[in-house]
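Visitor: One structure, as structure tokens, below. Some questions next.
The values are calculated or read from the model by the stated rules, or taken from the named source; none is laboratory data. Not measured: the values here are computed from a predicted model. Here the Cβ positions follow ideal geometry from the backbone for every residue, glycine too, while neighbour counts run over all protein chains shown. Heavy atoms of the whole protein, side chains included, go into the accessibility calculation; ligands, DNA and RNA do not. Shrake-Rupley method; radii C 1.70, N 1.55, O 1.52, S 1.80 Å.
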Amino acid sequence: MRRQVSTGLAILPILALISAGAASIFIWKAGMFIPLVIGIIVTVLVGVASGYRWDELQQMMVNGVAKALPAIFILLVIGMIVGTWISSGVIPAMIYYGLSFIHPSFFVPAVAIVTGIVAVTLGSSFTSIATIGLAFMVIGEGMGFSPGLIAGAVMSGAFFGDKLSPLSDTTNIAPAMAETDLFSHVRHMLWDTIPAFIITVVLYSIFSNGSNQHVVETDTINVILSGIQQTFTIHPLLLLLPVLTIFLMIRRLPALPTLLFVGLLGGILSILIQDESVTSMVNTMTNGFHAESGVKEVDSLLNRGGIVSMLNTIGLLTIATALGGLLEGANIFQALIRPIVDKIKTPSSLIATTIVSTLIVAFASGAQFLAIILPTRTFVQTYKDLNIDTKNLSRCVEAAGTVGITLVPWGVPAVFAANMLGVSPEQFIPYLFFAFLVPLINIIYGMTGWTIVKKEYPNHGEQVTTSMGGK
């Protein structure tokens, strides 16, 4: 007979996953596949103990993975784009002109700002990281900056854009789950996103000026430029492909066909401009770009991409969403959070609990979609009961679920960035100032009431919206 999952049982999968994850990262050095499998095993046992049959639990995992299928398809295409954009000379051209014109004194803030602009335009943090972010990595290392610092700036810019772009999937999912509208949600996020990003850029300016870029000799940059020139045909017109990509995204064309088109176009440019064969291009799309420029800094960062390079991230996403499907379907997360929710009486405690709960899901699953969906559906009625506009809820879950999740070393965003940029999460997480600041600012807003919008919902009387210190 099925019974409600107790709080004591509900916490077991979370403890198992976090314990196994910490052991795997710091002791076993084996990544997050086995810890996630352990989390699934413990969750299944909790489900069985609560009266669920195996076929029901299996369907929950299938439902969880099904939600990630659009993201999986996009990841496969991104792998292809990285390979063809390198092979065609697009990313090498971005590196070449970046090294030629960007001054080291403002380089790190420029990385965050430019990546942010690209991400807002594209609506995709992953695409921004895999294209402009990869170019910035080579440029920054050529200037002598720490790889962790550059990767942190790339990630901060990418998720600033992902958080605010109306084209982003997470930016659309959050208000839909919170039962508010998209543009009210985006406007409300300006209150936490803009201050956090300004502070982040200031901090990067301080680190940029205090870094060791002054010890890099001009000869080092010239060697990198020479290596690129010897390997690729470089021309400003190659930069039209990223411009075309941005234009197509602005037109709000479907993401998957658009990305597939620009990926294939990169392959055609490789054949026409870089004199690649069709056989070579098919191999690049599959296994990534491989070349010997004679410059190890260039080779180490440009020999990458391909559909195969995405399989590690896709495998992690598949297992993580299967776990999330179990946590949601068996009501385990709700059982864990409900005793806390029932005691919430003030806006400040509700905001703080939302942030913490979202981070729990983020650390437990490592998947953005789950970190947004599970807490939002759990808390939406509580916000209405307290007459707090649910756009406050959607802002909080984006703060912790879209941005804060980048602080999870085994999370899909961190693993993807590590694979793309060649920097371990442990190296760039300390420099993810934006990810630390956004949740913190929301907690401060909750404590002070500033920007927390009140709203009477129909079942509580006439629908009226007011603001406690903001709009």
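Visitor: Which count do you get for residues in region 407-451 that are hydrophobic (A, V, I, L, M, F, W, C), open to solvent by less than 10 Å² (accessible area, probe 1.4 Å) and in contact with an Asp or Glu (Cβ under 8 Å, 6 or more places away or on another chain)?
Guide: 1
Visitor: Identify all residues within region 1-53 that are open to solvent by 20 Å² or more (accessible area, probe 1.4 Å), in contact (Cβ under 8 Å) with a residue 60 or more places away in the chain and not in a helix (DSSP H, G or I); write none if there are none.
Guide: 4, 6, 31, 52
Visitor: Out of 265, 253, 248, 238, report the one residue that is under 18 Å from residue 305 (Cβ atoms) and under 26 Å from the mean Cα position of the chain (by Cα). Even if it seems obvious, please write down each step before you answer.
Guide: Numbers: 253 fails: under 18 Å from residue 305 (Cβ atoms); 248 fails: under 18 Å from residue 305 (Cβ atoms); 238 fails: under 26 Å from the mean Cα position of the chain (by Cα).
The match here is 265.
Visitor: Need a quick list: helices (runs of 4 or more DSSP H) entirely within region 102-159 having at least 3 residues that are under 23 Å from residue 194 (Cα atoms) and free of Cβ contacts under 8 Å to residues at least 60 places away in the same chain.
Guide: On the way: elements: 107-122, 125-128, 134-143.
By residue number, 107-122.
Visitor: Of all residues being touching a residue at least 60 places away in the same chain (Cβ under 8 Å) and over 18 Å from residue 374 (Cα atoms) in region 308-345, which is nearest to the chain's Cα centre (by Cα)? Just the residue, please.
Guide: 313
Visitor: Restricting to region 286-307, count the residues that are in a helix (DSSP H, G or I) and out of contact with any Ser or Thr (no Cβ under 6 Å at 6 or more places or on another chain).
Guide: Step one: filter region 286-307 for residues in a helix (DSSP H, G or I), giving 286-287, 296-302, 307.
Adding the requirement that they be out of contact with any Ser or Thr (no Cβ under 6 Å at 6 or more places or on another chain) leaves 286-287, 296-298, 300-302.
The number of residues fulfilling the criteria is 8.
Visitor: Checking residue 392 against (1) open to solvent by 30 Å² or more (accessible area, probe 1.4 Å); (2) touching a strand residue (DSSP E or B) at 6+ places or on another chain (Cβ under 9 Å): exactly one of these is not met. Which one?
Guide: Of (1) open to solvent by 30 Å² or more (accessible area, probe 1.4 Å); (2) touching a strand residue (DSSP E or B) at 6+ places or on another chain (Cβ under 9 Å), only one is false for residue 392: (1).
Visitor: Can you run down the residue pairs with Cβ atoms below 6 Å, 6 or more apart or on separate chains, where the first is in region 373-399 and part of a helix (DSSP H, G or I) and the partner is buried (at least 17 other Cβ atoms within 10 Å of the Cβ) and among the basic types (Lys, Arg)?
Guide: 398/163
Visitor: Looking at region 170-191, can you tell me whether even one residue there is under 17 Å from residue 204 (Cα atoms), open to solvent by 10 Å² or more (accessible area, probe 1.4 Å) and either touching a Lys or Arg at 6+ places or on another chain (Cβ under 8 Å) or in contact (Cβ under 8 Å) with a residue 12 or more places away in the chain (or both)?
Guide: So far as region 170-191 goes, no, none of its residues is under 17 Å from residue 204 (Cα atoms), open to solvent by 10 Å² or more (accessible area, probe 1.4 Å) and either touching a Lys or Arg at 6+ places or on another chain (Cβ under 8 Å) or in contact (Cβ under 8 Å) with a residue 12 or more places away in the chain (or both).
Visitor: Can you tell me which residue in region 358-368 is modelled with the highest pLDDT, limited to those that are surrounded by 24 or more Cβ atoms within 10 Å (Cβ to Cβ) and assigned to a helix (DSSP H, G or I)? Let's see the steps before the verdict.
Guide: The initial filter retains those residues of region 358-368 that are surrounded by 24 or more Cβ atoms within 10 Å (Cβ to Cβ), namely 358, 361-362, 364-368.
From the residues that got through so far, the ones that are assigned to a helix (DSSP H, G or I) too are 358, 361-362, 364-365, 368.
Details: 358: 93, 361: 85, 362: 88, 364: 78, 365: 74, 368: 83.
This residue is 358.
Every residue, every condition in (1) of a type outside the set (Val, Ile, Thr); (2) touching a Phe, Trp or Tyr at 6+ places or on another chain (Cβ under 9 Å), yes or no:
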{"site": "265", "(1), (2)": "yes, no"}
{"site": "275", "(1), (2)": "yes, no"}
{"site": "278", "(1), (2)": "no, no"}
{"site": "282", "(1), (2)": "no, no"}
{"site": "293", "(1), (2)": "yes, yes"}
{"site": "299", "(1), (2)": "yes, no"}
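Visitor: If only one of 228, 250, 268 is at pLDDT 90 or above and farther than 20 Å from residue 155 by Cβ, which one is it?
Guide: 268
Visitor: Based on what the data block shows, is residue 73 hydrophobic (A, V, I, L, M, F, W, C), farther than 18 Å from residue 245 by Cβ and touching a helix residue (DSSP H, G or I) at 6+ places or on another chain (Cβ under 8 Å)?
Guide: No: the conditions fail for residue 73.
Visitor: Checking residue 261 against (1) in a helix (DSSP H, G or I); (2) modelled with pLDDT of 90 or more; (3) open to solvent by less than 80 Å² (accessible area, probe 1.4 Å): exactly one of these is not met. Which one?
Guide: Result: residue 261 passes all but (3).
Visitor: Shifting gears a bit: Collect the residues in region 116-135 that are open to solvent by less than 10 Å² (accessible area, probe 1.4 Å) and farther than 16 Å from residue 81 by Cβ, keeping them in residue-number order.
Guide: Of everything in region 116-135, just one residue is open to solvent by less than 10 Å² (accessible area, probe 1.4 Å) and farther than 16 Å from residue 81 by Cβ, namely 116.
Visitor: Here are the criteria: (1) open to solvent by 10 Å² or more (accessible area, probe 1.4 Å); (2) more than 23 Å from the chain's Cα centre (by Cα). Tell me which single one residue 66 does not satisfy.
Guide: (2) is the only condition that residue 66 fails.
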